[in-house]
Structure formats: C-alpha cells, structure tokens
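Visitor: Sharing a structure below in structure tokens format, with a few things to ask.
The values are calculated or read from the model by the stated rules, or taken from the named source; none is laboratory data. Nothing here was measured: the structure is a model prediction, and the numbers come from that model. Neighbour counts run over all protein chains shown; Cβ positions are idealised from the backbone, glycine included.
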Amino acid sequence: MEALAKLLNANGLLVAFAVVGLMMWTSYFISKRLTFGRIHGSAIAILMGLALAFVGGVQTGGQKGMADLPMLGGMGLMGGAMLRDFAIVATAFEVDVVLAKRAGLIGAIALGLGTLLPFVLGVGVAMAFGYHDAISLTTLGAGAVTYIVGPVTGAALGADSAVIALSIATGVFKAVLVMVGTPFVAKLIGLDNPRSAMVFGGLMGTVSGVSGGLAATDRRLVPYGALTATFHTGIGCLVAPSIFYLIVKALMGN
Amino acid sequence: MTISGVALLAICTLLGNYLGDLLGIALGVKANVGGVGLAMILLISARIWLVKSGLFSHGLKMGVELWGSLYIPIVVAMAATQNVVAAVKAGPLVLIAGTGSIILCFSAVALISRIGPKGETMDEIEAREAHERDALAAAKGA
C-alpha cells in the first residue's frame, strides 16, 4: 500500500491522465445512455470535474479542488495554465480559412455580438452581486461568453480562484442550457438552414454547446454552427483580457 | 515527424504569450494581453505558410492535433482544480448570468437570421441536390 502511494505520488501527471480519462469515459457513457445524446459528454465531464473539486475543497479545506487531495496533485499540472494554453492554441489548427471566409459578414457580426452581449450581461450581473474590481468583473463577464474564455481571462489578469471557478460554472451552465434548449427554440428562431446555423454558432459560442444543441436539432447543421463557434473562443480569449478589460478598468476607475 | 508539430505548437504558444506580455507592458496593464489569441493567429499563419511551401507533413499535423484533441480533458482537469466551494457560496450569480446570456443570444439569432434574403433550408438543399443528381443521371443515360 505504501509502495503504491509512493508510485502514484511520483507519477502525478500520469495519475491525472488516468483519472480524467475515466471521468471522460463515464461522462460519455452517461451522455449516450441516460440523456440519449441530448447533453454532450464533455459538458457532463466538466460538471463532474466541478463537483469533484467541490468534494476536494470540502474534504481538505484547500483552494485547489481535487489537486489538494493526496496523490491527485498531478491534476494541478494537467489543468494548469501551461497545458491549457498549449491545447487551446492547438485547436486553431482545425480552422479552415477558406470555409471561414464563406461565413462572411453575417458570421462576423454574429461573432462580435456573441462576444459582446454575454460579456456586458455577465459584468452587469457580477456588479449586482457586489463585485467592483475590474479584474473580477472582466473574468465573470468573460465566463458568460464561454467556460474557456472565463478562466483564460482570469488567469491572464490574475483573478481570484473563486472568481475563476464562478466564471467556469457560468460558462458550463450556459453550454448545458444551449445543448438542452436549442431543439425547443429551433423553430422559433428560424434554425433550419446553414446560414442561420452559422449565425447561431457565432452567437452561442461554446463549441460543445453548439454542436450538442444542433445535433439534437438537425445533425446536418452541425458543421456550419461549429465553423463559426470555433472562432468564438479564440476571439473571446483575444479581446476579453485586453480591450474589454481596459474598457471595464476605465469605467470602474480602478 | 510528430515532434515537429509539437515543437511548432510550443513555439507559437511561447511566442504568442511573450507578445501578449509585451503588449500588456506597452498598455500599462500588469497582465498578459491576448497571448492565447495571438498564438492561435501565429499557428494558423504557420500552417498556411507550411502548406504553401510544401513542408506540411502528416507527422507535423498529428503532433498538433494530438494536443487539440486533449483540450476538453484538460478543461475537465482545470474545472476539477478550481475553488468551487467558494463559488457555490455565490450560487445565484451563475444561474442569472447563464440564463440571461442565452436568452439574449437566442433572441439575437432570431433577429440576425431574419436580416437579408432567407437561405435555403437543409431540406430544400437536399431536394435540389437530389434533383440535380437525377437530371445528371438522365442526361448521361440519354
């Protein structure tokens, strides 16, 4: 037993790969069997991660969720800023510039609004809840854009871990709502052609939310929505910690 | 070689973050400004250049795509290491910001997709394509 504990402690990152792999596998199983694909496996996995971080926090009284549990310190490395930035940058490789140009002006407008509207709303709600420093407000506003933009912004600006957790939770909640809600509002918002699917992808942002929601509505629309949605996170990560932060900072005067 | 893809990705990420730091200093902010976004732009430019100059290889592609495909698991690990206990205490914020932003965005989709000429629906596109195929087959047969 002692030998095992020593081994697991010495190979923290490998333990993290194994644990997260098991979580992903379980989540995709739940997604397929219990929700019939309506809620995307990745959203379930992220919710599971947040739930486990809660358990870890309650058990240890620490601030790093599961990473505070003995033998799971590797989770901190796997989910840390270095590998996160590395993996997010890699996703840009799949962007097809020719296809992206086809989305054209309407896609660009949708992307712009899809970043601005949730951000403004997120900042407004955060203010109503008593946050007044520019870093927390920007991080929470960015969380309302997507669950990636929130923590990337928060890490870049040096936000409090609790604020970053809130921004992730907001983004995940939004993604789950998009996945579950899209089939019900599809008719109402005219979601039956490639053009509106591209508008939808640009406005909603979260790739997992958009692909899950469109898959449940009409599978043929998925690539069009995903096309604009893939830009969403990149644009959010570019403008939220820069232009948006500077604007919020100027407005708040701190 | 797979390592060439991993190395390209590492160089783009490091360079993007460095440029982001420099931009932060230039703007007088104690933060990295848009480093990840800049790194993405570098990577897309690098890919276009590599394809044009014929240096794009399968191994290189694999090296980058391996990390791209790990991005959700890494986000899961990130979620699992946040201070959720503190976040739960501020619970309603999540519900209000999440619900509000999707109501706003659904409305915007409804508005924007009604601007300009209505596009063909998926059913119409499939019907037209089937019709074109039939016409082509008939023309070949004739």
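Visitor: Give the residue, chosen from A:35, A:26, that is more than 10 Å from chain B (Cβ to nearest Cβ), within 22 Å of the chain's Cα centre (by Cα), assigned to a loop (DSSP other than H, G, I, E, B) and more than 30 Å from residue B:12 (Cα to Cα).
Guide: A:35
Visitor: Further question on the same structure: If I go through the stretch A:49-91 residue by residue, how many of them are more than 7 Å from every other protein chain (Cβ to nearest Cβ) and touching a Ser or Thr at 6+ places or on another chain (Cβ under 6 Å)?
Guide: Count: 1.
Visitor: Another question about this same structure. Is it fair to say residue B:47 is at pLDDT 70 or above, within 7 Å of another protein chain (Cβ to nearest Cβ) and over 25 Å from residue A:238 (Cα atoms)?
Guide: No: the conditions fail for residue B:47.
Visitor: Scan (1) surrounded by fewer than 20 Cβ atoms within 10 Å (Cβ to Cβ); (2) outside the structural domain of residue A:178 (by TED's automatic domain parsing) for the single condition residue A:74 breaks and write down its number.
Guide: So the condition that residue A:74 fails would be (1).
Visitor: Any idea which residue in the stretch A:133-159 is farthest from the other protein chains (Cβ to nearest Cβ), counting only those that are outside any helix (DSSP H, G or I) and among the small types (Gly, Ala, Ser)?
Guide: So the residue we want is A:159.
Visitor: Another question, then. Considering only the stretch A:33-46, I want to know if a residue exists there that is under 25 Å from residue A:2 (Cα atoms), modelled with pLDDT of 80 or more and either buried (at least 20 other Cβ atoms within 10 Å of the Cβ) or aliphatic (A, V, I, L, M) (or both).
Guide: No, there is no match, as no residue in the stretch A:33-46 is under 25 Å from residue A:2 (Cα atoms), modelled with pLDDT of 80 or more and either buried (at least 20 other Cβ atoms within 10 Å of the Cβ) or aliphatic (A, V, I, L, M) (or both).
Visitor: Out of everything in the stretch B:50-73 that is at pLDDT 85 or above and at the interface with another protein chain (Cβ under 7 Å from one of its Cβ atoms), what residue ends up being surrounded by the fewest Cβ atoms within 10 Å (Cβ to Cβ)?
Guide: Step by step, filter the stretch B:50-73, then rank; the result is B:65.
Visitor: Scan (1) buried (at least 21 other Cβ atoms within 10 Å of the Cβ); (2) of a type in the set (A, V, I, L, M); (3) within 23 Å of residue A:27 (Cα to Cα) for the single condition residue A:156 breaks and write down its number.
Guide: It fails just one condition, (3).
Visitor: Of these, B:20, B:24, B:37, which one is surrounded by 14 or more Cβ atoms within 10 Å (Cβ to Cβ), modelled with pLDDT under 90, facing chain A (nearest Cβ under 9 Å) and within 17 Å of the chain's Cα centre (by Cα)?
Guide: Just a single option satisfies the conditions, and that option is B:37.
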